[in-house]
Amino acid sequence: MTPYDFIRRKKEGQSNKTGDINRFVQGYVDGSVADYQFSAWLMAVCFNGMNEEELIAYTGALMDSGERFDLSDIPGFKVDKHSTGGVGDKVSLALAPLVAACGVPVPMVSGRGLGHTGGTIDKLSSIPGFRTDLSRGEFKQFLDKTGLAMMGQGPRLCPADGMIYALRDVTATVESIPLIAASVSAKKIAEGAEGLVLDVKVGSGAFMKKEKDSEELAETIISVTERFGVRTRAVLSDMSQPLGRAVGNALEVAEAIECLGGKGPDDLRRLVLELAAQMLILAGRSEDQAAKETRDALDSGKALVKFREMVAVQGGNPRIADDCSLLPGAGFKIQVRADKDGIVQNIDTYRLGMLGVQLGAGRRTKKDIIDPGAGFTIEKKTGDRVQTGEEIATVHANDENKGQKIARELSDCFETGDHEVLPSPLIIKRIPSF
Ligand code: URA
């Protein structure tokens, strides 16, 4: 079948056959299918979706474009976590060492920031010396040695996904449930995880704004990963406001370190403990055991010790775990103050994330260079009372003019009013529910 006929079938609402999907993806990787042809098919998928057989075939084609890591010689049930992305979402930085400190190995392949959302690899890259460009051998060696390894996708793992993702990012074809499900699943299956916990975000700072869509995405990913033998659970969590108080790479590393030391914002701690418990349950612990072990590891400092060990093994400066002033900082701290009395009704988290990108905490184009010290700290969250002149946030900037401009716009992200507001529940739903 020609690329033309393949695209036309999808455009007309017919399904594509497994062999044709494999050839089309392979053709894109080897250059015989052009960007414009692949984009046209992606857009047709956005409108017409995929059936189960197509989804499995497409996931398999993404995986088969690269290596599949075999971690079977590393003892223990290996569990990873994936977040669909949010603002201030530094969960992985605390979660992976915590779970490893409880004796469950965590192989974690993560991404860079995307659109308004931050990425684990950008956050880790703000640690002086820390390497995320590991070879397969190093990934396995570090996992074996410390019980966790954190790396970027790189050119070996699902290279077709890397190429297609970049295309989707510029052709408005990211927000498609089958395309997201295949992209996430392929990487997690290829990295060799045996278990996976999904943190599917819902709200203004998430890619999926509605609970119904997030639930469908979670169920779709579960259906794919389970077909490939990866035991998977999902938690739907709130992203209608930033998680914790820090937004921006080094600021988020510092907040994750606070959490690892048993302190830090309550919402971050609760979500980290929830996801860690789910990972331990997948590895065979009872619910009670999992809750107790994870809490103890956080409060005893065991998780922080594991984080320090991981940073050292991956080439970073382990002293950052004890002294966050060694992380990159910002020369200017600009306070944003409330211009009236009231209660925070709502935070426009998408807009706040985009302001972070403008400040340098994320990328507008693939070539942009991240400013690791740039970002925000947030003092007031939904439901909090504010008084005129009180600080609601601080902009951390290395370019004063840009920082001042963004500080003026940041205050518009906070809607204040007279009504008492209860923030949305942090943990919305578990799938499967139990
Ligand atoms: N994250 C991914 O890895 N892939 C997607 O398609 C969306 C988010």
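Panel values: the stretch 284-388, Kirkwood radius from alpha carbon pairs, Stokes-Einstein at 20 °C and 1.002 mPa s, translational diffusion coefficient 120 µm²/s.
Taking a straight Cα-Cα cut-off under 21 Å and skipping sequence neighbours fewer than 8 places away in the same chain, the lysines within cross-link reach of residue 263 are 90, 123, 292, 302, 306, 380, 381.
What's log10 of I(q)/I(0) for the stretch 120-224 at q = 0.09, 0.14, 0.15, 0.22 Å⁻¹, Debye sum over Cα points only, no solvent? Values returned for q = 0.09, 0.14, 0.15, 0.22 Å⁻¹ are -0.28, -0.68, -0.78, -1.33.
Here the simple spin-label model places points 7 Å from the Cα toward Cβ, and for residue 292 and residue 368 these points are separated by 4.8 nm. Ordered from longest to shortest, the equivalent ellipsoid semi-axes for the stretch 3-49 are 17, 12, 8 Å, each the square root of 5 times a Cα gyration tensor eigenvalue. Using only the Cα atoms of the stretch 232-275, each taken as one equal point scatterer with no solvent, compute I(q) by the Debye sum, divide by I(0), and report log10 of the ratio at q = 0.16, 0.33 Å⁻¹. Here the Debye-derived log intensity ratios amount to -0.43, -1.22.
Based on protein heavy atoms only, the stretch 79-324 ends up with 31 Å² per residue of surface accessible to a 1.4 Å probe.
If R0 is taken as 41 Å, the Cβ-Cβ distance between residue 312 and residue 429 corresponds to a FRET efficiency of 0.60. The stretch between residue 216 and residue 11, if pulled fully straight at 0.36 nm per residue, gains 71.5 nm over its current Cα-Cα span. Its convex hull of Cα atoms gives the stretch 1-155 a direction-averaged projected area, equal to a quarter of the hull surface, of 11.1 nm². For the chain, the share of accessible area belonging to carbon and sulfur comes to 49 percent (1.4 Å probe, ligands and nucleic acids excluded). Taking 7 Å steps out from each Cα toward its Cβ at residue 263 and residue 144 produces label points 3.8 nm apart. Candidates 25, 197, 262 compared by Cα position along the dipole of the chain: farthest toward the positive end lies 25, with charges placed on Cβ.
Express in nm, to one decimal, how much length is gained between residue 167 and residue 339 on full extension, taking 0.36 nm for each residue of separation and deducting their alpha carbon distance.
So the extension gain works out to 57.7 nm.
Look at the alpha carbon pairs under 8 Å that are at least 6 residues apart: their mean separation over the length of the chain gives a relative contact order of 19 percent. A 1.4 Å probe run over the protein chains yields, for the stretch 331-417, 49 Å² of accessible area per residue, whole-number rounding.
Taking a straight line from the alpha carbon of residue 201, these aspartates and glutamates sit under 16 Å away, with near neighbours fewer than eight places off in the same chain left out: 89, 175, 211, 213, 215, 216, 219, 238, 267, 274, 348. Using just its DSSP H runs of length 4 or more, each adding -39500 (n - 2.57), the chain gives a mean residue ellipticity at 222 nm of -14000 deg cm²/dmol after division by all residues. Taking the inverse of the mean reciprocal distance over all distinct Cα pairs, the Kirkwood hydrodynamic radius of the stretch 79-324 comes to 17.7 Å. Size of the stretch 143-281 from its Cα atoms: along the principal axes, largest to smallest, the extents are 40, 39, 28 Å.
Amide H contacts for residue 390 (H built 1.01 Å from N in the peptide plane; partners 5 or more residues away or on another chain; cut-off under 5 Å): 338.
When every Cα-Cα distance of the chain is counted in 10 angstrom steps from zero, the calculated P(r) takes the values 5, 22, 31, 26, 13, 3, 0 percent. Return the whole-Å distance between the Cα centroid of the stretch 53-128 and the Cα centroid of the stretch 382-420. Measuring centre to centre over Cα atoms gives 33 Å.
By the Cα gyration tensor, the stretch 185-232 has an equivalent ellipsoid whose semi-axes, rounded to whole angstrom, run 22, 10, 7 from largest to smallest.
Here the convex hull built on the C-alpha positions of the stretch 223-304 has a volume of 123 cubic angstrom per residue. If you plug the beta carbon distance of residue 73 and residue 420 into 1/(1 + (r/R0)^6) with R0 = 45 Å, you get a FRET efficiency near 0.20. Measuring nothing but alpha carbons in the stretch 75-154 and taking Rh as the Kirkwood radius, the Rg to Rh ratio lands at 0.95.
The values are calculated or read from the model by the stated rules, or taken from the named source; none is laboratory data. As the structure is a prediction and not an experimental result, all values here were calculated from the model. Heads up, the Cβs are rebuilt from the backbone with ideal geometry, glycines too, and the neighbour counts pull from every protein chain shown. Ligands, DNA and RNA are excluded from the accessible area calculation, which covers all protein heavy atoms including side chains. Shrake-Rupley method; radii C 1.70, N 1.55, O 1.52, S 1.80 Å.
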